[in-house]
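Take a look at the structure below.
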Amino acid sequence: MSEVLAELFDVIEDRKETLPAGSYTTTLFTHEKGENAVLEKLGEESTELVLAAKDDDHEEIAHESADIVYHLLVLLSMYDMQLEDLLEELERRR
Ligand SMILES: N=c1c2ncn([C@@H]3O[C@H](COP(=O)(O)OP(=O)(O)OP(=O)(O)O)[C@@H](O)[C@H]3O)c2ncn1[C@@H]1O[C@H](COP(=O)(O)O)[C@@H](O)[C@H]1O
């Protein structure tokens, strides 16, 4: 699991560095509203997750959860944080 997250975080960090055209991640890093665009997305996806959970729709719950995890990793990268900051916090709680 953390391997998948690590690979995704690496891709996000690369997008931040190179800002390739046609990349959705690039649009988040270059958005005129800056991190607000990501925060808004996290808010929207959270609402969609709540609705999916209320419907007991497992496929949609997985879909919206993945959207949230992706945007969360973009947020960490945007604040120059590392994936380890999140993983170490989770580790501390075990
Ligand atoms: N994991 C994701 C990922 N999750 C969500 N999204 C995008 O986030 C947006 C979600 O916003 P919306 O809810 O408005 O999207 P939607 O499809 O209209 O609505 P939903 O049905 O998803 O709720 C969509 O445009 C998705 O494409 C993602 N975009 C990219 N990635 C990963 O990032 C990598 C790099 O992507 P690019 O930067 O686009 O090259 C990809 O290979 C993926 O691994």
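Read the figures in this text as sums done on the coordinates, not as results from a lab. Computed from a prediction, not measured in an experiment: that's the story for all the values here. Cβ atoms come from the backbone with ideal geometry, glycine included; neighbour counts cover every protein chain shown.
Summary of values
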{"read-out": "Structure-based [θ]222 nm, the chain - -39500 (n - 2.57) summed over DSSP H runs of at least 4, per residue, nearest 500", "value": "-26000 deg cm²/dmol"}
{"read-out": "Candidates His58, His71, His31: whichever shows maximal mean-square fluctuation once the chain is modelled as a Gaussian network with Cα springs under 10 Å", "value": "His58"}
{"read-out": "Per-bin percent of Cα-Cα distances, the chain [5 Å]", "value": "3, 13, 20, 21, 20, 15, 6, 1, 0"}
{"read-out": "Environment charge at Tyr79 (Cβ cut-off 10 Å; Lys +1, Arg +1, Asp -1, Glu -1)", "value": "-3"}
{"read-out": "Difference of contour (0.36 nm per residue) and Cα-Cα distance, Glu60 to Leu19", "value": "11.8 nm"}
{"read-out": "Only Lys, Arg (+1) and Asp, Glu (-1) charged, at Cβ; the range 2-92 dipole about Cα centre in debye", "value": "360 debye"}
{"read-out": "Relative contact order for the range 2-92, counting Cα pairs under 8 Å that sit 6 or more residues apart, in percent", "value": "31 percent"}
{"read-out": "Inter-part distance where the range 70-90 and the range 1-63 are each reduced to a Cα centre, Å", "value": "12 Å"}
{"read-out": "Convex hull per residue volume in Å³, alpha carbons only, for the range 1-56", "value": "104 Å³"}
{"read-out": "Thr27 versus Leu72: modelled label distance in nm, points set 7 Å from Cα along the beta carbon direction", "value": "2.3 nm"}
